[in-house]
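Down below is the structure, laid out as structure tokens.
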Amino acid sequence: MFGHKAKGNYAYAVARVKAKKAYLIGNDTYQKMLLMSLPEISRYISECGYMKEITELTSKFDGVDLIEHATYMNMARVLRSILNSTNGELHDTLAKYLEKWDIWNLKVILRGKSFGLDADGIREDLIPAGNLDSTFLNKLVSLETGEEVLDHCKNIGKVIPVEVIETYNKENNLAIIEDFLDKYRYEQLLSSINPLSKPTQLYQDFIRREIDITNIETILKLKMEGVYGNNIMKYIIPGGKDISKKLVVRLANAETLSATVDDLAQLSFYEDIKEALDTNTKSLKDVMIGMKKYKMKKTQSFSYLHPLSIIPIIDYMIRKENEVNNIRIIARGIESGLDKDIIGGLLVI
Amino acid sequence: MDEGLAAIGAGIAVGLTGIAAGLAEKDVGAAAIGAMTENENLFGKGMILMVLPETIVIFGLVVAILIIMG
């Protein structure tokens with residue numbers, strides 16, 4: 001009213017996601033699922049809210065593909081239904097957060113185009129949970145080349161700078177575009193948050209911590225591959241909370257992983273990854289799982305602090321994505337014949 | 001004169017508590033509908049929570065009656 005944008009229907013949206021949260025698969029259930037076969041998992045998840053998607057896709061896919069596609073389709077529908085049930089500033093903020101999936105879809109399309117995948121193959125891997133609807137995504141998929149896709153993205157305000165496209169064309173390296181898109185998304189997301197109230201400050205903190213986690217993942221992965229110095233710095237996303245530029249440079253320049261431990265000890269999530277760093281320096285799997293657990297723990301505690309804010313909704317979205325990832329890990333693990341303990345160790349619970 | 005002021009006081013007591021109950025019910029009602037959209041079984045709990053702010057109006061009404069009768 002009078003040109004002032006409404007704050008949004010926080011009470012309605014938060015109550016809805018809290019009710020949805022009660023339907024998420026519990027930690028004990030994952031242990032039961034580890035003992036099931038693939039058809040049993042399909043049947044079981046169809047009783048846990050995935051019925052519509054399993055029924056819809058059962059004639060097209062089977063086994064692990066059915067589970068993967070059904071869970072992704074369900075997640076996309078759930079996230080979009082939450083977005084569609086909100087209004088005002090809440091809707092705008094949520095839409096900005098869900099751009100994550102637009103970037104994901106754009107990357108999938110670009111990868112598909114660069115590897116010469118057919119339109120149907122690309123379409124199967126899309127997760128339309130963001131702002132771009134199926135019609136627009138289909139249009140992008142139907143374009144011939146990656147350049148045309150990038151050009152068409154100008155219509156939705158995603159302008160890739162000429163120099164980035166030129167470097168991509170010269171080096172024929174898709175990672176350049178992908179890195180740009182990731183940095184662009186966080187830059188846009190952070191600039192869209194107006195930290196005037198405590199909940200928006202917490203939301204901004206959460207996003208900045210997410211940037212820290214992504215940066216630490218990048219640094220550790222590259223360090224495992226023996227990359228350091230400026231080669232790491234170009235992949236770092238600016239805007240993190242705990243990790244200053246100075247610390248990033250120090251972490252990037254450290255020659256070994258063990259030399260970074262003292263610097264990592266300054267981070268707020270060090271306690272969650274400490275054990276994994278101490279016991280297993282050859283694999284980063286446990287460190288990544290530790291950081292994911294930290295992220296979930298943080299959003300949950302923030303959501304209790306401010307129940308009528310965007311944070312409980314983000315908390316649910318992260319948990320839903322985690323549920324889908326856990327189901328996929330179990331399904332893929334069982335299909336590959338992995339030991340139950342190994343699969344169990346990969347789950348984020 | 002006194003009767004007129006008492007009537008104004010009684011009106012304020014009921015009116016303000018009515019507005020307060022309305023403001024409280026706005027969020028409680030929206031949350032109850034949101035929860036019921038996902039789980040119909042929450043109707044009973046939603047209904048109880050929905051009528052709780054009505055007690056404020058009852059207090060206002062009692063105060064108004066006391067003013068008028070006194």
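Residues are listed down the side, and each one gets a yes or a no for (1) in a helix (DSSP H, G or I); (2) in contact (Cβ under 8 Å) with a residue 60 or more places away in the chain; (3) of a type outside the set (Asp, Glu):
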| site | (1), (2), (3) |
| --- | --- |
| B:ILE12 | yes, no, yes |
| B:ALA20 | yes, no, yes |
| B:GLU25 | yes, no, no |
| B:ALA32 | yes, no, yes |
| B:VAL62 | yes, no, yes |
| B:ILE67 | yes, yes, yes |
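Taking segment A:275-346 and the helices (runs of 4 or more DSSP H) fully enclosed by it, the elements with 1 or more residues that are within 21 Å of the chain's Cα centre (by Cα) and among the acidic types (Asp, Glu) are at A:285-305, A:311-336. Could you check segment A:161-196 and list, in sequence order, the residues that are of a type in the set (Gly, Ala, Ser) and surrounded by 12 or more Cβ atoms within 10 Å (Cβ to Cβ)? Across segment A:161-196, the qualifying residue is only A:SER192. Across segment A:234-248, the number of residues qualifying as surrounded by fewer than 15 Cβ atoms within 10 Å (Cβ to Cβ) and in a helix (DSSP H, G or I) comes to 2. A:GLY226 meets each of the listed conditions (1) without any contact (Cβ under 8 Å) to a residue 40 or more places away in the chain; (2) in contact with a helix residue (DSSP H, G or I) (Cβ under 8 Å, 6 or more places away or on another chain); (3) in the same structural domain as A:TYR304 (by TED's automatic domain parsing); (4) assigned to a loop (DSSP other than H, G, I, E, B) apart from (2). Looking at A:LEU90, A:LEU94, A:LEU117, just one residue is out of contact with any Cys (no Cβ under 6 Å at 6 or more places or on another chain), at negative phi and in a loop (DSSP other than H, G, I, E, B), and that residue is A:LEU117. Just one of the numbered conditions (1) over 23 Å from the mean Cα position of the chain (by Cα); (2) among the small types (Gly, Ala, Ser); (3) in a loop (DSSP other than H, G, I, E, B) is not true of A:ALA252: (3). Per the conditions (1) β-branched (Val, Ile, Thr); (2) within 14 Å of chain A (Cβ to nearest Cβ); (3) farther than 30 Å from A:ILE82 by Cβ, the sole criterion not satisfied by B:VAL28 is (3). Of the residues making up segment A:265-324, those that are in contact with a Phe, Trp or Tyr (Cβ under 8 Å, 6 or more places away or on another chain), of a type in the set (A, V, I, L, M) and at pLDDT below 85 number 1. Residues in segment A:6-48 that are modelled with pLDDT of 90 or more, farther than 20 Å from B:GLU40 by Cα and aliphatic (A, V, I, L, M) were compared, and the one that is surrounded by the fewest Cβ atoms within 10 Å (Cβ to Cβ) is A:LEU35. For A:LEU117, state whether it is of a type outside the set (Ser, Thr, Tyr) and buried (at least 19 other Cβ atoms within 10 Å of the Cβ). No: the conditions fail for A:LEU117.
Select from segment B:38-48 the residues that are assigned to a helix (DSSP H, G or I) and touching a helix residue (DSSP H, G or I) at 6+ places or on another chain (Cβ under 9 Å) and write down the one among them that is nearest to the other protein chains (Cβ to nearest Cβ). Step by step, filter segment B:38-48, then rank; the result is B:GLU38.
Residue under question is A:LEU117, and the condition is that it be in contact with a Leu (Cβ under 7 Å, 6 or more places away or on another chain) and of a type in the set (A, V, I, L, M, F, W, C); does it hold? Taking the combined requirement at face value, the residue does not satisfy it. In this entry, A:ARG43 is excluded by the filter for residues that are of a type outside the set (Phe, Trp, Tyr) and closer than 30 Å to B:GLY29 by Cβ. Counting only helices (runs of 4 or more DSSP H) that sit wholly inside segment A:1-84, those with at least 1 residues that are within 14 Å of chain B (Cβ to nearest Cβ) are A:10-21, A:63-84. The residue list B:ALA10, B:ALA64, B:ALA35, B:ALA21 contains one member that is surrounded by 16 or more Cβ atoms within 10 Å (Cβ to Cβ) and within 14 Å of chain A (Cβ to nearest Cβ), which is B:ALA35.
The values are calculated or read from the model by the stated rules, or taken from the named source; none is laboratory data. None of the values given here were measured: they were computed from a predicted structure. Note that each Cβ is placed from the backbone with ideal geometry, even for glycine, and that neighbours are counted across all protein chains shown.
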